[in-house]
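Please read the structure below before turning to the comments.
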Amino acid sequence: MKIYKDIITGDEMFADTYKMKLVDDVIYEVYGKLITRSGDDIKLAGANASAEEPDEGTEISSETGVDVVMNHRLSECFAFGDKKSYTVYLKEYMKKVLGKLEENSPDQVDVFKTNMNKAMKDILGRFKELQFFTGESMDCDGMVALVEYREIDGKSVPVLMFFKHGLEEEKC
């Protein structure tokens, strides 16, 4: 299994256990699912569940969300109220990524520059439909993943978008 981490913050963003697709050699689209977890889904190693009956009146809490977001502890980020503020962030972020590429993968610089402009124009055109998520550190200087709901086979599917060149792969 591979874990994909943000090259700036080191935050875990997603794993290759999800259905995914590389678009224009610059954006990973990761297909998530809406899930609900109950508070009683938590199992402790060595615990005897049958001996631990819940108290009367105890409420079981549940949490609903996108599996990728929940499993990798991504946090919704509300820093971008408009397209202009997101564009400012993006320019700064892309400079950081470009610097890392020039240092570590100079053969990818042209691919990044050529394809990222096209991808960003496309994404900015859908800005109002997007949600934004940071890694667990909630550091907005790092990667901000995008989530868009798309109609696939008659279902609304959360599609998470991550910038390929802003990630490093770690084998587990």
Does any residue in the stretch 141-162 that is within 17 Å of Ile8 (Cβ to Cβ) come within less than 8 Å, Cβ to Cβ, of a residue that is among the basic types (Lys, Arg) and open to solvent by 70 Å² or more (accessible area, probe 1.4 Å) six or more places away or on a different chain, and which pairs are these? Asp141/Lys96
All positions within the stretch 154-169 that are open to solvent by 10 Å² or more (accessible area, probe 1.4 Å), under 27 Å from Lys113 (Cα atoms) and of a type in the set (A, V, I, L, M, F, W, C): Leu167
Just for the stretch 13-43: of the residues that are touching a helix residue (DSSP H, G or I) at 6+ places or on another chain (Cβ under 9 Å), open to solvent by 50 Å² or more (accessible area, probe 1.4 Å) and in a strand (DSSP E or B), which one is modelled with the lowest pLDDT? Arg37
Can you work out which of the residues in the stretch 112-149 that are out of contact with any Pro (no Cβ under 8 Å at 6 or more places or on another chain), under 15 Å from Tyr28 (Cα atoms) and among the charged types (D, E, K, R) is least open to solvent (accessible area, probe 1.4 Å)? Asp122
In the stretch 80-97, is there at least one residue being among the basic types (Lys, Arg) and surrounded by 15 or more Cβ atoms within 10 Å (Cβ to Cβ)? yes
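The values are calculated or read from the model by the stated rules, or taken from the named source; none is laboratory data. Remember, it's a predicted structure, so these values are computed and weren't measured experimentally. Cβ coordinates were reconstructed from backbone atoms using ideal geometry, including for glycine residues, and neighbour counts include every protein chain displayed. These area figures cover heavy atoms from the full protein model, side chains too; ligands, DNA and RNA do not enter into them. Shrake-Rupley method; radii C 1.70, N 1.55, O 1.52, S 1.80 Å.
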